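Below is one structure; the comments refer to it alone.
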Amino acid sequence: MSAPVAFVTGASAGTGREIACALAAQGHDVALVGRRTAALEDVAAEIAAMGRRALVLTIDLLDGAAIDAGIDRFLDWSQGRVDVLVNAAGTTGPLSPQIGGFGLADFDTVIGTNLRAPFAILTRLLPVMRAARTGRVVNIGGNHGMRGRAGRASYSASKWGLRGLSRSAALEAGPDGVTVNYIAPGPIAVPRMRKAWAERAAAEGADEAAVLETYVADMGIPLGRPSEPADIVNMVLFLIGPGGRNITGQELVVDGGVIV
Ligand SMILES: NC(=O)c1ccc[n+]([C@@H]2O[C@H](COP(=O)([O-])OP(=O)(O)OC[C@H]3O[C@@H](n4cnc5c(N)ncnc54)[C@H](OP(=O)(O)O)[C@@H]3O)[C@@H](O)[C@H]2O)c1
């Protein structure tokens, strides 16, 4: 029997990259989606070194035709098999401007990346999973899909919408044995975030530990630290593993206790 197959968006960086590698380490062949081919190829090399197959799919998720063409290539490569779909790609859009300070184009980019693209992918891959009567979908949302935040209206709306998409898909696919869940991370210490904290420390002449402490206090994180990518990876592995067999349509909050 062939190896299980996973399709992971946002696989060129941060959490999606860690998820793709963890799935490969667990024996999956993995399709890697992002815009930066060289970064995806790095991940593919890491996966090949584990003895698994990787398919690099350079796709701008704002482009529906590119998504369709990429999924055609993917299904050809996997011979029609898809066991796991993780929608991890995301964007916050412009940081901080409040409603009135940004336009429809910015709103569309955030909704297009965080909500429309997962819908476009589900449109193609959920029927494949349902026909096979097996499959696990994990959508990476955010705890700003569970609460509003000034300066993040588009982002919060997109992640909130992804919850509705996930729950509805779960109800539709449940009778075919396919689960669909949503992980709501709070801040994750990915390279992009670490860079921002380091830049703030340099600008303020402060040390990085002090900047992080202030950030954690501002974000109101009871456990006192941002997540590591591994915290999200472990939840993905739980949901696609035996522990997730009877869990669907749920929002699993991994944010150090912000949403309680
Ligand atoms: N980091 C956090 O603090 C945090 C907190 C809560 C939720 N989240 C969510 O967790 C997920 C992962 O976040 P992250 O911070 O780990 O990621 P990241 O380091 O910011 O990387 C973003 C990923 O999304 C991909 N991407 C963005 N726009 C795309 C587009 N138009 N087409 C194709 N790919 C696109 C990027 O690929 P390319 O650059 O190659 O295009 C990259 O792989 C996201 O859904 C994010 O909203 C993150």
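Laboratory data are not the source of any read-out in this text; all were calculated from the coordinates shown. Model, not experiment: these values are computed from the prediction. Cβ: placed from backbone, ideal geometry, glycine included. Neighbour counts: every protein chain shown.
Some points to look at:
- Relative to the dominant Cα principal axis of the chain, helix 14-25 is inclined by about 30°.
- For the chain, the longest principal axis of the alpha carbon atoms and the long axis of helix 117-132 meet at an angle near 30°.
- Projecting the Cα positions of 154, 226, 96 onto the charge dipole of the chain (unit charges on Cβ atoms of Lys, Arg, Asp and Glu, taken about the Cα centre) puts 154 furthest along the positive direction.
- Dipole of the chain [Lys/Arg +1, Asp/Glu -1 at C-beta], most positive-end residue of 66, 259, 244: 244
- Charged-residue dipole, Cβ positions (Lys, Arg, Asp, Glu), the chain about Cα centre, Debye nearest 20: 560
- Amide hydrogen proximity for residue 137: with H placed 1.01 Å from N in the peptide plane, the residues at 5 or more positions away or on another chain lying under 5 Å are 85, 179, 180, 181.
- Solution diffusion estimate, µm²/s, Stokes-Einstein, the chain, Kirkwood Rh from C-alpha pairs, 20 °C, viscosity 1.002 mPa s: 114
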